[in-house]
1. I'm trying to understand the selection: among the residues of the stretch B:84-93, which are more than 7 Å from chain A (Cβ to nearest Cβ) and either buried (at least 24 other Cβ atoms within 10 Å of the Cβ) or touching a residue at least 40 places away in the same chain (Cβ under 8 Å) (or both)?
2. Among the residues that make up the stretch B:113-136, is at least one of them under 20 Å from residue A:128 (Cβ atoms) and in contact with a strand residue (DSSP E or B) (Cβ under 6 Å, 6 or more places away or on another chain)?
3. Looking at this structure, is residue A:111 in contact with a helix residue (DSSP H, G or I) (Cβ under 7 Å, 6 or more places away or on another chain), surrounded by fewer than 19 Cβ atoms within 10 Å (Cβ to Cβ) and in contact (Cβ under 8 Å) with a residue 60 or more places away in the chain?
4. Would you say residue B:28 is at pLDDT below 95, part of a helix (DSSP H, G or I) and under 23 Å from residue A:165 (Cα atoms)?
5. Residue B:74 versus (1) farther than 24 Å from residue A:76 by Cβ; (2) more than 9 Å from every other protein chain (Cβ to nearest Cβ); (3) not in a loop (DSSP other than H, G, I, E, B): which is the lone unmet condition?
6. Scanning the stretch A:141-160 for residues that are facing chain B (nearest Cβ under 7 Å) and farther than 12 Å from residue B:91 by Cβ, which turns out surrounded by the fewest Cβ atoms within 10 Å (Cβ to Cβ)?
7. Of the residues in the stretch A:120-131, how many are at the interface with chain B (Cβ under 7 Å from one of its Cβ atoms), surrounded by 18 or more Cβ atoms within 10 Å (Cβ to Cβ) and farther than 26 Å from residue B:55 by Cβ?
8. Pull up the stretch A:38-71, narrow it to residues that are within 23 Å of residue B:42 (Cα to Cα) and within 7 Å of another protein chain (Cβ to nearest Cβ), then point me to the one that is nearest to the chain's Cα centre (by Cα).
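The values are calculated or read from the model by the stated rules, or taken from the named source; none is laboratory data. Quick caveat, the model's predicted, so the values are computed rather than measured. Glycine gets a Cβ as well: all are built from the backbone with ideal geometry, and neighbour counts include every protein chain shown.
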């Protein structure tokens with residue numbers, strides 16, 4: 001990272017480190033609260049900070065990673081599923097689910113503190129997931145198409161629906 | 001798909017087509033309800049069917065794809081974030097977020113009806129997202145590490161926490 005990259009607001013280096021520090025502190029606090037050691041914040045263009053912590057085991061929600069929780073909180077708080085111009089700060093390197101969630105939310109930049117190796121040393125090893133997305137472990141979860149007669153009906157219905165909300 | 005693959009329960013071909021048809025019908029119905037043309041069901045090993053529809057615009061939740069909604073519903077209903085032995089049926093080819101969510105949920109197999117080209121023809125083009133994960137479009141969302149002094153504290157705290165719930 002060059003200083004030029006962070007030489008101007010909102011992503012100057014002290015501000016970056018402030019928000020990353022918040023994400024890391026949330027992660028640490030979440031351990032005592034019975035959650036996983038992961039935290040994240042989304043900073044929306046209005047300057048508001050939307051926090052998330054890992055709630056997988058507490059909520060029985062396999063998608064409740066800190067980054068996803070923070071993204072959902074930011075979208076709910078701003079009343080918009082499109083978070084263009086927002087920045088995601090995560091205590092640890094985001095997994096493919098969290099990166100894809102950030103893409104769908106139109107997050108502009110992701111910063112993280114610990115990397116996947118630090119997570120693996122604590123027993124959180126996403127290596128198989130990265131392998132899956134690189135095509136090295138397809139047997140982990142087979143994905144099969146079966147083109148049934150009604151496959152295209154939802155899209156035909158969508159195209160014919162005048163008051164559809166495109167996104 | 002060979003008949004051998006679907007020659008035995010729970011994934012014999014008529015049953016597969018039954019659940020895929022349910023996912024497609026949910027997708028079609030969701031258009032009239034103001035949602036996107038996507039539906040999904042998760043069938044858990046106890047035979048229960050857990051439905052999901054796209055709720056992105058209705059809930060202002062960029063992560064509320066049908067597959068994610070169905071996975072969250074199944075985990076909540078069974079009281080377990082681990083859905084080992086479950087099958088996900090989706091009206092359309094799942095995006096990387098949904099596939100990664102299914103991986104985290106330990107879904108055993110994913111079936112889908114329409115493919116990404118059908119979705120693109122209806123205005124839902126995930127091509128950029130697939131490009132991103134293949135490494136062809138990194139500029140879409142830069143991901144930057146900044147290793148701050150507290151980066152490893154959450155994991156140190158986790159390792160020292162006797163009543164941690166591993167997963």
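1. Result: B:85, B:86, B:87, B:88, B:89, B:90, B:92.
2. No, every residue in the stretch B:113-136 fails to be under 20 Å from residue A:128 (Cβ atoms) and in contact with a strand residue (DSSP E or B) (Cβ under 6 Å, 6 or more places away or on another chain).
3. For residue A:111, the condition - in contact with a helix residue (DSSP H, G or I) (Cβ under 7 Å, 6 or more places away or on another chain), surrounded by fewer than 19 Cβ atoms within 10 Å (Cβ to Cβ) and in contact (Cβ under 8 Å) with a residue 60 or more places away in the chain - is not met.
4. no
5. So residue B:74 meets the others, but not (1).
6. The extreme case among them is A:142.
7. So the count comes out to 1.
8. A:68
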